[in-house]
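**Q** One structure, pasted below without further comment.
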Amino acid sequence: MSVILKSWEFTIFSLLVVVFIINLFLSPDLFRIENLFDATLTFTEKSIVTLPMALLIISGVIDISIASISAMSGVILGVCFKAGVAIGYATLIGLTVGLLAGLINGLIITKLRIPSIVVTLAMMLFYRGIGYILLGDTAVRDLPERFGLLGGAYSVTFIPIQFMIFIVLAIVFGLVLHRTTFGRLIYVVGNNANAARYSGVPVDRIRLILCVVTGLISGLSGILLTSRIGSARPDIAQGNEMAVITIVLLGGVYIFGGRGTILGVVIATLMLGYVHYGLSILNIQEQVIRIVTGGLLIIALLIPTISAKFKVREKSLEGG
Amino acid sequence: MRKFIALCAILLLVASVSLVFGGSAPKEEAEKAKGVGPFTLAWVPKGLGHPYFISCYEGAKEAAKEFGDKIFEVGPDDWSVEGQIRVIESLIDQKVDSIGIAANDKDALAPVCKKAMEAGIPVVAWDAAVDQSARVTFVNQASFEGIGRGLAAGMGEVIGYEGEIAVLSATPQAPNQRKWLSWVFEELKDQKYANVKLVDVVYGDDMTEKSYDKALGLIKAYPNLKGIIGLSAVACPAACAAVTDKGLSGQLKVVGFGIPSTMKDYVLEGTCQQFLLWNTMDLGYVAASIMHKCCTGDFTGKVGEKVTLGRPTMGEPDAEYEVMVGEDGDPFVLLGPPMKFDKSNIEKWAAIF
């Protein structure tokens, strides 16, 4: 029990409960279950990318081109649809584009051994640029109505389809990370890539696979967003990379790899999402919301550092 | 596996907490009977902090005060489509009585505005429209004809209807630029401009530096140039800067669009004789008044419908507005002819925005 109480997941879960209680007091009649699920619409696109990003960061790699991949996937979907491709196939092409973008990132990172933050910084500009070249200042409008259901419709009465996708993905990613050999190897790679390499762990292959999955899910995120706003535009998802990394770190994933859980990331997603929702239904200006987000992140980063100073170094690693 | 049981437990807990506390509230209770104020009006500009939108909100506040309504401003700080969607989602949940929006994109904002309309919240677009299916009406700040003809007429007036003129535009593709330009041409066909010769149209892509260079190019290429029409709020001050730097202030005259505070110095030193802009406070006042009338049910947005406001505006001294139909078939309310700024009123308006 004391292990649970000390865990990071418990800390942010407590925060989530506090957020709920504060929200209940501030706007009781607005804090209703339909509204709560409805509110997930504004952050699910980011949430689904937090899952592969968590795995990626645990393995010691980072991808900051995800928002650009989202935009590029959405734009290419729109361009294909405009060129007469059926919307189903256009969606598949959009997903494939995301996957390929991830593959390119992964190949450059693993084959050329360039630090991932540098590679994906360059690719962030590159992919975003492709979106702008294809559409410029324009947007593809008149996407079919049934495509719009993907991002905005509800599956079981009031639970948005998007949110269902997030839950399913969270379970899949959680099982992979915590219940499979592959998942265990991700931690090994993140803890010490060189040691892992010498003991025969296929470090590069693991990281490559994670990059590809991150690209694919970023593509899916872009498609959901395109569906929700009903038009394909190159300027969507601006700043999502920072939002996603914020959630992942807040969820207790260690920025230098080797530590973190999917549970923590899921709780952090919900917490940050509802902090934003609670603040915005009180009509608090967005600048203030940013300050709150930044404040939460810095607290999240400080707590482990400070508590480590007061504690004798723990032998076991968490989460593994 | 324990983690996953914990995860499921947490999700269940979250759901049940919200059910117990929130779900018990009766659904329809919050819905107000239509037609009885005071109403809560939500004012959504394209973004926060720009003087243009601040002055629009001033006008909107005036209207809300007149009706005793509560009005508040909320918008995205990054001027994005997604930010506006997020804002409107939260306004729907809050069940405000009406939403007034200057849309960052006509189509991308349509789904969420439709959702608001379906939830019984009338949406009034102002400054920049959302698709007609997702709004009650659009308060259009100025017609293309009024602006185009107004700029050409102003140019004719300041150069004494004689000499060479040129146009500095933003981009050749932008629809508003094209339409304004075609009305400038139309106005110049009139007999009184027989001695006015339009020698060139150049494009500065709405970038200050490029527009400045293009203006310098015009000055070099046409030594007899008498006037430049700056067709955007970027082009006009850039043309003024070029003319001033070349020491031609007063000989080569500039008219165009502008924000009073950025144009003040050029107007006072005589580079820019006059420039146009709609009255932003009237724009806010008209839009917010219509929002209120949507709430009471006095306004439905049908073509030909008339609406009377609490005070006269610059465009409609009798305070009566009528819903018109645009070239593309969209019904809208027109604010009126654009406002002219010159030495006589620039200082007053520059202090405002």
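Read the figures in this text as sums done on the coordinates, not as results from a lab. Keep in mind it's a predicted model, so treat the numbers as computed, not measured. Every residue, glycine among them, receives a Cβ derived from its backbone with ideal geometry; neighbour counts consider all protein chains shown.
**Q** Hey, how many Å between the Cα centroid of segment A:230-282 and the Cα centroid of segment A:190-225?
**A** Computed from Cα coordinates, the inter-centre distance equals 19 Å.
**Q** Inside 10 Å of the C-beta atoms of B:111-119, what's the mean count of C-beta atoms belonging to other chains? Before the final figure, lay out the partial values.
**A** Details: counts 9, 5, 0, 1, 2, 0, 0, 0, 0.
The shielding value for this peptide is 2.
**Q** Among residues other than residue B:166 whose Cβ falls under 13 Å from its Cβ, what is the net charge (Lys/Arg +1, Asp/Glu -1)? Don't skip to the answer; put the middle values down first.
**A** Numbers: positive: B:197, B:214, B:220, B:226, B:253; negative: B:164, B:200.
So the environment of residue B:166 carries a net charge of +3.
**Q** Quick check on the protein assembly as shown: helices-only [θ] at 222 nm, where DSSP H runs of length 4 and up contribute -39,500 (n - 2.57) each and the sum goes over total residues. Nearest 500, please.
**A** Calculated at 222 nm, the ellipticity per residue is -18500 deg cm²/dmol.
**Q** Provide, for segment B:52-147, the number of lysine pairs with alpha carbons under 14 Å apart, each pair being eight or more places apart or on different chains.
**A** Going through segment B:52-147 pair by pair, I get 4.
**Q** Moving on. How charged is the neighbourhood of residue B:147? Take every other residue with its Cβ under 15 Å from the Cβ of residue B:147, and add Lys/Arg as +1 and Asp/Glu as -1. Working shown, then result.
**A** Numbers: positive: B:149, B:178, B:179, B:340; negative: B:127, B:145, B:186, B:187, B:327.
For residues surrounding residue B:147, the net value is -1.
**Q** At a 10 angstrom cut-off on C-beta neighbours, averaged per residue, how do the peptides B:227-240, A:104-117 rank from highest to lowest?
**A** Details: B:227-240: 27.4, A:104-117: 16.9.
The most tightly packed comes first, giving B:227-240, A:104-117.
**Q** List A:256, B:185 from most exposed to least, where exposure is judged by having the fewest other Cβ atoms within 10 Å.
**A** Values: A:256 9, B:185 14.
Fewest-to-most Cβ neighbours within 10 Å comes out as A:256, B:185.
**Q** Where the centre of each part is set by its Cα atoms, how far does segment B:286-353 sit from segment B:260-277, in angstrom?
**A** About 25 Å separates the Cα centre of segment B:286-353 from the one of segment B:260-277.
**Q** As a test of the definition: which semi-axes, in Å, follow for segment B:139-221 when you take the square root of five times each eigenvalue of its alpha carbon gyration tensor? Largest first, please. Spell out each step's value before the answer.
**A** Numbers: eigenvalues 84, 72, 19 Å².
Semi-axis lengths for segment B:139-221 are 20, 19, 10 Å.
**Q** Show me B:260-267, B:342-349, A:146-153 ranked by packing, highest mean number of other Cβ atoms within 10 Å first.
**A** Details: B:260-267: 20.1, B:342-349: 14.1, A:146-153: 16.1.
Per-residue mean Cβ counts within 10 Å order the peptides as B:260-267, A:146-153, B:342-349.
**Q** Using the Karplus equation 6.51 cos²θ - 1.76 cosθ + 1.60 (θ = phi - 60°), what ³J(HN,Hα) coupling, rounded to whole Hz, does each residue of segment A:165-182 give in order, writing x for Gly and Pro?
**A** In residue order, the calculated couplings are 4, 4, 4, 4, 4, 4, 5, 4, 5, x, 4, 4, 6, 9, 10, 10, 4, 4 Hz.
**Q** Quick check: net charge around residue B:214, other residues with Cβ under 12 Å of its Cβ, Lys/Arg +1 and Asp/Glu -1? Don't jump to the answer; show the numbers that get you there.
**A** Working: positive: B:210, B:220; negative: B:200, B:205, B:206, B:209, B:213.
Value of the local net charge: -3.
**Q** Show me B:320-329, A:87-96 ranked by packing, highest mean number of other Cβ atoms within 10 Å first.
**A** Working: B:320-329: 13.2, A:87-96: 18.0.
The densest-packed peptide leads the list: A:87-96, B:320-329.
**Q** What shape does segment A:39-306 have by the C-alpha gyration tensor, where a ≥ b ≥ c are the square roots of the eigenvalues, rounded means a/c under 1.5, and otherwise prolate means a/b greater than b/c and oblate the rest? Mind dumping the intermediate values first?
**A** On the way: a/c = 1.69, a/b = 1.23, b/c = 1.37.
Oblate, since a/c reaches 1.5 and b/c is not below a/b.
**Q** If one takes the longest principal axis of the Cα atoms in chain B, at what angle in degrees, from 0 to 90 and to the nearest 10, does the Cα axis of helix B:235-245 lie?
**A** 40 degrees
**Q** What is the average number of partner chain Cβ atoms found within 10 Å of a Cβ in A:255-265? Spell out each step's value before the answer.
**A** On the way: counts 0, 0, 0, 0, 0, 0, 2, 3, 5, 1, 0.
That works out to 1 on average.
**Q** Now, a different point. For helix B:175-188, what angle does its Cα long axis make with the longest principal axis of chain B, in degrees from 0 to 90 and rounded to 10?
**A** Orientation of helix B:175-188: about 40 degrees from the principal axis.
**Q** Further question on the same structure: Considering every residue in B:81-90, what mean count of other chain Cβ atoms within 10 Å of its Cβ is obtained?
**A** Mean partner-chain Cβ count within 10 Å for B:81-90: 6.
**Q** Also: Once both axes come from the Cα atoms, what is the angle between helix B:280-296 and the longest principal axis of chain B, in degrees from 0 to 90, rounded to 10?
**A** On a 0 to 90 degree scale, this one is about 30.
**Q** Using each residue's phi in segment B:125-133, evaluate 6.51 cos²θ - 1.76 cosθ + 1.60 at θ = phi - 60° and report the 3J(HN,Hα) Karplus result to the nearest Hz, with x for Gly and Pro.
**A** 8, 9, 6, 9, 6, 9, 3, 4, 6
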